[in-house]
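Working notes, structure below.
The values are calculated or read from the model by the stated rules, or taken from the named source; none is laboratory data. The structure presented is a predicted model; accordingly, all values stated were derived computationally and were not measured. Ideal geometry is used to build each Cβ from the backbone, glycine not excepted, and the neighbour counts take in all protein chains shown.
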Amino acid sequence: MMNGNLKILSGGSNKPLAKEIADFVGVPLVSAIVTTFPDGETFTQIQENVRGADVFIVQSTCYPANHNIMELLIMIDAVKRASAGRITAVIPFFGYARQDRKDKPRVPITAKLVANILAAAGANRILTMDLHSPQITGFFDIPVDHIYAASVFCDYLQYLRREKLTVVSPDIGGLKLAAAYADMLNCPLGIVAKRRTDAENVETLAVIGDMKGHDILLVDDMTETGGTLNGAAKVLKENGAKSVIAAVTHGVLNERGYERLQEGYVDKLITTNTTPVDTRGIAMIEVLSVAKLFGEAIMRIHHNESVSSLFKIKGF
């Protein structure tokens, strides 16, 4: 059984990706006015009939995170009040995912708060990619389809394959993801232990695995300040690594991140267009598209087919 007509809308955070997804699916983006009043309030008006439709709203909650989250909530409310049949929030990059636990006294669990707000606004399900912690799916009381960029990276990495490739996790938390990559690429697995000293800096403590003469693939879900990647790449090269390639799904780089990347410890950064990435003409930054992955997932959701069977990677 199929739902109503498939409709794809785009928020303002990542219109190029939304357009790519719509082109792959074979439907035009729904015309909508998404604008801001002088005082900062967001206004949305859907320009087409969505009554009874299966609506997918594409919006990454990247910088400015609060504005983009609010814009997504307002768009959900607009299509709900326009009598959409089902509303799926397509969130390629889910902001606030790092705030997923109480690791200090009197701090919020903001990832859970955002999950609650999305459901309260009227979202019926969520489609997202490479959450900072897969357990975040449990924060939602609505269905969540969690897909992975691993297949996109692995297809690309076949062209960069080196004789002695080792997949390395830059921290303990990413070990499961790194193990999945190592299985897919059929190569050894290593790990760099770190300790975060503050929001922008990390201290690398130890390297586990033989890195001497090896080409290293560092895998992580996101990078912002580049502290984790840069610190790991530096210690890996000090331990004899031949080269370091970083594959990071969400490249939400800030000024400090760009500066660190140009220090030369990371030889190449491969990321995706889950958020708009400005390469700034830096040759070592490569951006891959995940539009096909999201497009296939959207079509399967629309036709009530399995998403996990299509996107599940070994180890997850």
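The residue list GLY226, GLY251 contains one member that is crowded, with 22+ Cβ neighbours inside 10 Å and either within 14 Å of the chain's Cα centre (by Cα) or among the aromatic types (Phe, Trp, Tyr) (or both), which is GLY251. Of the listed requirements (1) more than 30 Å from ASN304 (Cβ to Cβ); (2) at pLDDT below 90, THR225 misses just one: (2). The single condition from (1) part of a loop (DSSP other than H, G, I, E, B); (2) under 28 Å from LEU113 (Cβ atoms); (3) not hydroxyl-bearing (Ser, Thr, Tyr) that ASN3 fails is (2).
Evaluated against (1) assigned to a loop (DSSP other than H, G, I, E, B); (2) without any contact (Cβ under 8 Å) to a residue 24 or more places away in the chain, GLU48 falls short on exactly one condition, (2). Is it true that some residue in segment 236-252 is under 22 Å from LEU157 (Cβ atoms), part of a helix (DSSP H, G or I) and at pLDDT 90 or above? Looking through segment 236-252, at least one residue is under 22 Å from LEU157 (Cβ atoms), part of a helix (DSSP H, G or I) and at pLDDT 90 or above. The residue list GLU263, GLU296, GLU259 contains one member that is modelled with pLDDT of 90 or more, over 20 Å from SER169 (Cβ atoms) and assigned to a loop (DSSP other than H, G, I, E, B), which is GLU263. Is there a residue in segment 8-22 that is more than 17 Å from CYS62 (Cα to Cα), part of a strand (DSSP E or B) and out of contact with any Gly (no Cβ under 7 Å at 6 or more places or on another chain)? Scanning segment 8-22 turns up at least one residue that is more than 17 Å from CYS62 (Cα to Cα), part of a strand (DSSP E or B) and out of contact with any Gly (no Cβ under 7 Å at 6 or more places or on another chain). Restricting ILE76, ILE69 to residues that are closer than 24 Å to ASP145 by Cα, of a type in the set (A, V, I, L, M) and within 20 Å of the chain's Cα centre (by Cα) narrows the list to ILE69. When only residues in segment 124-162 that are over 26 Å from VAL287 (Cα atoms) and over 19 Å from the mean Cα position of the chain (by Cα) count, which is surrounded by the most Cβ atoms within 10 Å (Cβ to Cβ)? That would be ASN124. Please determine, by comparing only the residues of segment 203-214 that are in a strand (DSSP E or B) and at pLDDT 60 or above, which one is surrounded by the most Cβ atoms within 10 Å (Cβ to Cβ). Once the filter is applied, the top-ranked residue is VAL207. The requirement of being of a type in the set (D, E, K, R), out of contact with any strand residue (DSSP E or B) (no Cβ under 7 Å at 6 or more places or on another chain) and surrounded by 15 or more Cβ atoms within 10 Å (Cβ to Cβ) is satisfied by GLU20. Checking LEU217 against (1) outside any loop (DSSP other than H, G, I, E, B); (2) modelled with pLDDT under 90: exactly one of these is not met. Which one? So LEU217 meets the others, but not (2). Determine whether SER13 is buried (at least 20 other Cβ atoms within 10 Å of the Cβ) and either small (Gly, Ala, Ser) or at pLDDT below 95 (or both). Answer is yes for this residue.
Among the residues of segment 151-169, just one is under 24 Å from LYS234 (Cβ atoms), modelled with pLDDT of 90 or more and part of a helix (DSSP H, G or I), namely PHE153.
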